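The values are calculated or read from the model by the stated rules, or taken from the named source; none is laboratory data. Please read these numbers as outputs of a predicted model, since none were measured by experiment. Using ideal geometry, Cβ is built from the backbone for each residue, glycine included, and neighbour counts are taken over all protein chains shown.
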Amino acid sequence: MREFHASLSRLLIPLALFFFGPLQPTIFANGREFSSDFSKFSGIIIPGFASTQLRAWSVLDCPYSPLDFNPLDSVWIDTTKLLSAVNCWLKCMILDPYNQTDHPECKSRPDSGLSAITELDPGYITGPLSSVWKEWLKWCIEFGIEANAILAAPYDWRLSASMLEERDLYFHRLKLTFETALKLRGGPSLVIAHSMGNNVFRYFLEWLKLEIAPKMYAQWLEEHIHAYFAIGAPLLGAIQTVEATLSGFTFGLPVAEGTARLMFNSFGSSLWMMPFSKYCRSDSSYWKHFFEGRGEGHKSYHCDDMEFQTNYSGWPTNIINIEVPSIRGADVYPSIPEVVEGTPSSKECGLPTQLSFSAREVSDGTFFKAIEDYDPDSKRLLHQLKKLYHGDPVSNPLTPWDRPPIKNIFCIYGIDRKTEVGYYFAPSGKPYPDNWIITDVIYEVEGTLTSRSGNSVSGNPGASSGDETVPYNSLSWCKTWLGSKVNITRAPQSEHDGSDVQVDLNVEHRHDSDIVPNMTRASRVKYITYYEDSESIPGRRTAVWELDKANHRNIVQLPVLMREMWLQIWHDIHPNAKSKFATKAMRGPLRDQDCYWDYGKARCAWPEHCEYRYVFGDISLSIIYRIWHCKIMAPAVTQMREKPRFTKTLHW
């Protein structure tokens, strides 16, 4: 314990430098000199799908409603206007499915800055419900991080990657954000991407490869990006995209599923997270430039033999099982007047045919071609798929992602939650857009497959299940980025003294297989499992963190995630760090919120760090036990405190 506190004291000097910025070219710790080269990191946040505020850039008069849309009014998401003027709201949200232009009467554009990603609908009630990055930013502020050290990269999440660049020059501006951060802070950035933000960052790296000289690409990454934190990345796609495309996904909003489907399918990004096969790839656009005009007959999309020798394209089961009517064309689904008048017998559906489709058949357009005669949206979706994805000039996003050439990568996601991996659809008998209904859902639950109806399910379940939104096989694809030997550590997510930490060193890892640790679990304890390179590419580090029971949307708000990220950053800036990764030996409380009352021992838990301190308004013992204020007495910190801006007291 004393050794732990001694090492902690040595850590807090560079920690203060990271938080407050460099004051002196040289800092002294325990009488030794060291350079503060890594005290100038910036954090660049790339949010996920539907996690950026959209604001109106038009004047729209809404009839039958006292609320109109004026420039800079909130569109995504203003629940008040959604409830009172849903048709006006839809005009500001929907895009032309063919050319991705705005509605003639209203256009929306993404907000800018950190306020665009903290709360989507600020308010006493709606704020906490729409909070995404707010808690994460509160951590930054609590630990004294300067305002110019955290930058947001919001974007119009309705657009495909190529349209983001074509309309908004988004990737040019993102490149400038990295370069501005380097000039402003004097050091590289930490990329923190969540959900679809990882797809955006992937496309940026491919775009950058074509934007700058080949010899400068690796150097640019080395200078501008220190580490990449991929949080909840749908590396092989997400199943719920299929639900949103065929039957509608409301995001918890008070709109009909058919309305949500109309809106979602108008977005060019609706296909960006479609599930795809891990065995199929496209030729690199980077190399195509060298063969342009030379008569080389390269295939743009090809699958290896494993795609046809195994079932389900590397997924647990078929993605879509759908019953299609025996009648084709316009007679399949009557219009609304025909429904009112009664459907003639000649238009009644005969016995349906059930078809099944794998991830490859969804991403290559086979599925949409099969239902083209039964669904009016299929033609529009095929157009988007061909133009915005298969024909993308930079990269086809619906292909597996190899490890990006970044020094340090941390892939983080939740596991062991009930997650959808397949659907059964059938005709509803209603007119478009409500013409499909979900008759059954296939779930993965902690390494098994089950269905909503209770029917038996055949397939290839993974070692675990996903994070309630993205299946496990898609999240864990980043394990293929690990080296040939891996160190595995499992520890409780809560504060612990190290007694329940399990370690397995130098585990052999095959590139094409999952790593399943042979470790025990205590009941009712949530663990975090670390997979870290033992042997890797020189100058590269790769780590995968699996958080038990972590939800996809809320993972960025979990204290355990923020704690582990901070500890890893502190480890990286420590001058005497001997290991590649932060130790997992023990975890003490970091903040007041981590202190609590131990009812069994009738005292404050963690008495070495927490003390009784009454604050007016406290009403329970769990609240009134607060963390001690740790004051580091060292020459460098004494100099820092002479500066008026360093008034924050560090906590441990």
Q. When you scan segment 465-479, how many residues do you find that are farther than 17 Å from residue 318 by Cα and either at pLDDT below 95 or not in a loop (DSSP other than H, G, I, E, B) (or both)?
A. 5
Q. So, of the residues in segment 523-539 that are in contact (Cβ under 8 Å) with a residue 24 or more places away in the chain and in a loop (DSSP other than H, G, I, E, B), which turns out to be farthest from residue 410 (Cα to Cα)?
A. 525
Q) Can you name the residue in segment 477-533 that is at negative phi and small (Gly, Ala, Ser) and, of all such residues, is surrounded by the most Cβ atoms within 10 Å (Cβ to Cβ)? A) 491
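Residue by residue, here is whether (1) touching a His at 6+ places or on another chain (Cβ under 8 Å); (2) closer than 23 Å to residue 393 by Cβ; (3) of a type in the set (S, T, N, Q); (4) at pLDDT 90 or above holds:
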position: 113; (1), (2), (3), (4): no, no, no, yes
position: 117; (1), (2), (3), (4): no, no, no, yes
position: 129; (1), (2), (3), (4): no, no, no, no
position: 138; (1), (2), (3), (4): no, no, no, no
position: 144; (1), (2), (3), (4): no, no, no, no
position: 175; (1), (2), (3), (4): no, yes, no, yes
position: 195; (1), (2), (3), (4): yes, no, yes, yes
Q. Could you list, in sequence order, the residues of segment 127-145 that are more than 19 Å from residue 78 (Cβ to Cβ), surrounded by fewer than 16 Cβ atoms within 10 Å (Cβ to Cβ) and either among the acidic types (Asp, Glu) or in contact with an Asp or Glu (Cβ under 9 Å, 6 or more places away or on another chain) (or both)?
A. 142
Q) Does segment 193-205 include one or more residues that are crowded, with 22+ Cβ neighbours inside 10 Å and in a strand (DSSP E or B)? A) yes
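Take segment 528-539 and flag every residue that is at pLDDT 90 or above and charged (D, E, K, R).
532, 533
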**Q.** Single residue of segment 348-368 satisfying the filter (surrounded by fewer than 16 Cβ atoms within 10 Å (Cβ to Cβ) and not in a helix (DSSP H, G or I)) that is modelled with the lowest pLDDT
**A.** 348
Q.
When you check residue 468 against the structure, is it buried (at least 16 other Cβ atoms within 10 Å of the Cβ), among the acidic types (Asp, Glu), in contact (Cβ under 8 Å) with a residue 24 or more places away in the chain and out of contact with any Phe, Trp or Tyr (no Cβ under 8 Å at 6 or more places or on another chain), yes or no?
A. yes
Q: Restrict the check to segment 80-92 and report whether at least one residue is among the basic types (Lys, Arg), out of contact with any Phe, Trp or Tyr (no Cβ under 8 Å at 6 or more places or on another chain) and not in a loop (DSSP other than H, G, I, E, B).
A: yes
(Q) Being within 32 Å of the chain's Cα centre (by Cα), within 14 Å of residue 108 (Cβ to Cβ) and without any contact (Cβ under 8 Å) to a residue 40 or more places away in the chain is the filter here; which residues of segment 47-89 pass it? (A) 69, 70, 71, 72, 73, 75, 81, 88, 89
Q: Give the residues of segment 56-70 that are touching a strand residue (DSSP E or B) at 6+ places or on another chain (Cβ under 6 Å) and either surrounded by fewer than 15 Cβ atoms within 10 Å (Cβ to Cβ) or not in a loop (DSSP other than H, G, I, E, B) (or both), sorted by residue number.
A: 56, 60, 69
